[in-house]
Amino acid sequence: MNRQVIERLEFNKILDRLAACAASREAKKKCLETCPPGSVEETENRLRETSDAVERVFTDGQPAFGSVRDIRRSVVSTGQEYVLSTAELMDIASTLEAAEAIHSYGMKDRFTEAPDSLSDMFECLAPLTGLTREIRRCIISEEEIADDASPSLKSIRRSIRISQDRIRSELNSMIQGSHQSYLMEPVITQRAGRFVLPVKAEYKNQVPGMVHDSSSTGSTLFIEPAAAVKLNNDIRELRLKEREEIRIILQRLSADVAEHAEQILADMDILVELDYIFARAKLALDMKAFRPRLSADPVLTLHDARHPLIDPKKVVPINIRLGDDYDQLIITGPNTGGKTVTLKTVGLLELMGLSGLFIPASEGSSLGFFTEIYADIGDEQSIEQSLSTFSSHMANIVEILKKCTRQSLCLFDELGAGTDPEEGAALAMSILNFLHVRQIRSMATTHYSELKIYAMTTPGIENASCEFNVDTLSPTYHLLIGIPGKSNAFAISRKLGLPEYVIEEAERRMDESDKEFDNVVGRLDSARQELEKLRSDADRERKETSRLRDELDKAHEKLSREHDRIIEKAKKEATDILADAKLQADAVLRDINKYGKVADHEAVKKLEAGRAMLRRGMERQEAVEKPGQISGMDINDISLGMEVEIVSSGFKGSVTTLPDSKGNLSVQCGIINYKANVSDLIPAEPSEKSSKKEKGVQRKANLSHAQTISTEINIIGCTVDEGLAKMADYLDDAYMSHLTEVRIVHGKGTGKLREAVQRELKKIKYIKSFRTGEYGEGDAGVTIAVFR
């Protein structure tokens, strides 16, 4: 790829951002040298690597390459018996530690996940843990070798410490003895690595020894006493041995590095390559970019493409196609409307994608494989070469036309500008026709109306425009394909306050055909804006309708689930109630069979208690009965002697009186004459004939029940709820036994039970009236109830 297009499209700024995402110096250098490869396969491979790196970052986070050092020269030097310094060895250890960490990062979950394009690189990393540990064991820092680096070094340093202790002891005895008055300070110091004492200058003859240094004023001399000379010499010899031993240790470590030099260099290559790949992934995430599809043909389609160097909060996405229906796109519109940005966006995204970088565009965008991209953008006027703006552009265009092929992408900004408009338009059409005939994909921006007409009348060439809002005098930066743009010079001038008569004069001076063309373009633009508004409204309505439909579906689904749950719960409760009622009914039938023939008062009372339990079970069953299950008969369908069933009690009998205006009538059930309403009746289903014995038992039980019912009930001592429940059962039995009135004994007490009883009596339909007992009947402790 030519270097000029990299600068004109500002691809070098993208590479600077890419280099900032890398950690190692070699990887940064590789980032800055990035350019499109020469084949579709290699470009696809780069994009696949970037994609796999992004996937790994999402899963495991960003790997750390910060400790990778530039060790290549040091490692190569070891093959020439070069002894590495402590700093070089520490850099090698740091790089090998990074290799170990990156290897662990890459091999994580390798047995459970399918391999990707980076798996082989991670697997080929050899951390050389043993060498790393040996370097770290021997070297503490760039200035310090560990005592345990070798037994000899440990022994030498122990001897040095012993000699230092002896010389300090000797000098301390001099400080604390007769020499104390000769010293400037009672301290031991060092000069040139030898222990000395600070002696006052006037007493230098009192302290025999070697003078090594003096203070800046000359008042203090640093003298090595004669008694310390031999000990200092011993220490100097030990220091020389220490230095030699350290050289031997470093030589040994350097030899170990030389032994593994090939693997270390291979690890270095892999680390740099991985650092480069993950830098591409980091840039993609920073730009919120996606992987483009790559076509071997010179065809591109960009959805919501954004220029990567413009503030993401301000950039306006564009949609653009080139190479399928048309191979040339001519963009028109006012200045600062976004025409040049559109050219740069297309060229820059092509360079990024072909170089293996993700592009800031929506998923589904595709790029064509162009072997070269040529751009004539910007002002290249040169005073030194005596080139005007037009000349510099034309010189550049000449070179482009010489080199471009069918696999090239050519971008021209303000084609034919800088000279006579008529000649410039003619040249521009000729250049575009040259490219069009050879099917070379190209884009050009212009203000010439002739080029708009050329695009409208030539198959394979399409117009486009950058939208401009005349009301606000500002561009919207939206690219509109298929519609030529207007410069809007008159409208902008009118908004800015240019006198109307000047504008009218200018309009009169325009060629009639040009004026008519501008009017047609204006009408097209107005129609387009109206259609855009209608489409926007339709889209909004469709989205709102879709949202409401989704909400309705969710509500309906929720209601259906709730309905099914309630029905299921009701069915279960009904099943449980029916099961309980059946058990109670079976028990009552067994008792009837047991006591039916025996006129025993206690037995009859037991039967009555069982019947009451059965009735309550039936009432519970009715409480959960499904909606829609209704009973009742029409008054006109009732006739004397008709067999009917009373729904509320379950008894069957024959009609003895016709219903009155309210639907009330009498039904004879055995020996009991019931008062009922047609709404509580249903036609009786024919039943199997019972045996005479069973009829006799039933008749006897009913008769016994009617004969044994009491005319009084005592609920003294009961709570309100218990008393009311007990009274309700008793009143039902008394009413069915045709008693005329009964006494309810509730006691006086606080009066709460009496009030509750009388409230309840008001609600019972078959109670005609009630009153508080009189003197001799129990007074306020009794309520007398009269049946209808």
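Taking the stated definitions as given, is residue 104 open to solvent by 60 Å² or more (accessible area, probe 1.4 Å), of a type in the set (Ser, Thr, Tyr) and either touching a residue at least 60 places away in the same chain (Cβ under 8 Å) or under 22 Å from residue 55 (Cβ atoms) (or both)?
yes
One line per residue, one yes/no per condition, for (1) of a type in the set (Val, Ile, Thr); (2) closer than 30 Å to residue 74 by Cα; (3) surrounded by fewer than 16 Cβ atoms within 10 Å (Cβ to Cβ):
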| site | (1), (2), (3) |
| --- | --- |
| 167 | yes, no, no |
| 176 | no, no, yes |
| 196 | yes, no, no |
| 205 | no, no, yes |
| 236 | no, no, yes |
| 255 | no, yes, yes |
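If we scan segment 51-61, do we find a residue that is in contact (Cβ under 8 Å) with a residue 40 or more places away in the chain, open to solvent by less than 30 Å² (accessible area, probe 1.4 Å) and in contact with a Phe, Trp or Tyr (Cβ under 6 Å, 6 or more places away or on another chain)?
Among the residues of segment 51-61, at least one is in contact (Cβ under 8 Å) with a residue 40 or more places away in the chain, open to solvent by less than 30 Å² (accessible area, probe 1.4 Å) and in contact with a Phe, Trp or Tyr (Cβ under 6 Å, 6 or more places away or on another chain), which makes the answer yes.
Filter the strands (runs of 3 or more DSSP E) completely within segment 269-378 down to those with at least 2 residues that are surrounded by fewer than 24 Cβ atoms within 10 Å (Cβ to Cβ) and in contact (Cβ under 8 Å) with a residue 40 or more places away in the chain.
Qualifying strands (runs of 3 or more DSSP E): 293-295, 300-305, 318-322, 366-368.
When the residues of segment 304-356 are filtered to those that are of a type in the set (D, E, K, R) and under 26 Å from the mean Cα position of the chain (by Cα), which remaining residue is farthest from residue 51 (Cα to Cα)?
The qualifying residue farthest from residue 51 (Cα to Cα) is 314.
How many residues are assigned to a loop (DSSP other than H, G, I, E, B), among the polar types (S, T, N, Q) and in contact (Cβ under 8 Å) with a residue 12 or more places away in the chain if we restrict to segment 31-50?
1
Can you tell me which residue in segment 620-649 is nearest to residue 572 (Cα to Cα), limited to those that are open to solvent by less than 40 Å² (accessible area, probe 1.4 Å) and at pLDDT 70 or above?
646
Could you tell me how many of the residues in segment 70-90 are crowded, with 21+ Cβ neighbours inside 10 Å, in a loop (DSSP other than H, G, I, E, B) and not β-branched (Val, Ile, Thr)?
Summing the residues that are crowded, with 21+ Cβ neighbours inside 10 Å, in a loop (DSSP other than H, G, I, E, B) and not β-branched (Val, Ile, Thr) in segment 70-90 gives 1.
If a residue must be under 23 Å from residue 317 (Cβ atoms) and either part of a helix (DSSP H, G or I) or at pLDDT 80 or above (or both), how many such residues does segment 453-494 contain?
10
Could you tell me how many of the residues in segment 715-773 are assigned to a helix (DSSP H, G or I) and not charged (D, E, K, R)?
So the answer is 16.
Could you list, in sequence order, all residues of segment 123-152 that are out of contact with any Lys or Arg (no Cβ under 9 Å at 6 or more places or on another chain), aliphatic (A, V, I, L, M), open to solvent by less than 60 Å² (accessible area, probe 1.4 Å) and not in a loop (DSSP other than H, G, I, E, B)?
131, 135, 139, 145
Quick grid of which residues meet (1) of a type in the set (Asp, Glu); (2) open to solvent by less than 40 Å² (accessible area, probe 1.4 Å); (3) modelled with pLDDT under 85:
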| position | (1), (2), (3) |
| --- | --- |
| 656 | no, no, no |
| 680 | yes, yes, yes |
| 684 | no, yes, yes |
| 690 | no, no, yes |
| 695 | no, no, yes |
| 708 | no, no, yes |
| 712 | yes, no, no |
| 731 | no, yes, no |
| 760 | yes, no, no |
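Being surrounded by 17 or more Cβ atoms within 10 Å (Cβ to Cβ), touching a residue at least 12 places away in the same chain (Cβ under 8 Å) and in a helix (DSSP H, G or I) is the requirement here; does residue 224 meet it?
no
For segment 158-185, name all the residues that are touching a residue at least 12 places away in the same chain (Cβ under 8 Å) and hydrophobic (A, V, I, L, M, F, W, C).
Within segment 158-185, 160, 167, 171, 174, 175, 183, 184 qualify.
Among the residues of segment 167-184, is there at least one that is within 28 Å of residue 87 (Cα to Cα) and either in contact with a helix residue (DSSP H, G or I) (Cβ under 9 Å, 6 or more places away or on another chain) or not aliphatic (A, V, I, L, M) (or both)?
No, because not a single residue in segment 167-184 is within 28 Å of residue 87 (Cα to Cα) and either in contact with a helix residue (DSSP H, G or I) (Cβ under 9 Å, 6 or more places away or on another chain) or not aliphatic (A, V, I, L, M) (or both).
Of all residues in segment 415-447, how many are touching a residue at least 60 places away in the same chain (Cβ under 8 Å) and over 23 Å from residue 295 (Cβ atoms)?
4
The values are calculated or read from the model by the stated rules, or taken from the named source; none is laboratory data. This one's a predicted model, so the numbers in the text were calculated from it and none came from an experiment. Virtual Cβ from ideal backbone geometry, glycine too; neighbours counted across all protein chains shown. The area values use the complete protein model at the heavy-atom level, side chains included, leaving out ligands, DNA and RNA. Shrake-Rupley method; radii C 1.70, N 1.55, O 1.52, S 1.80 Å.
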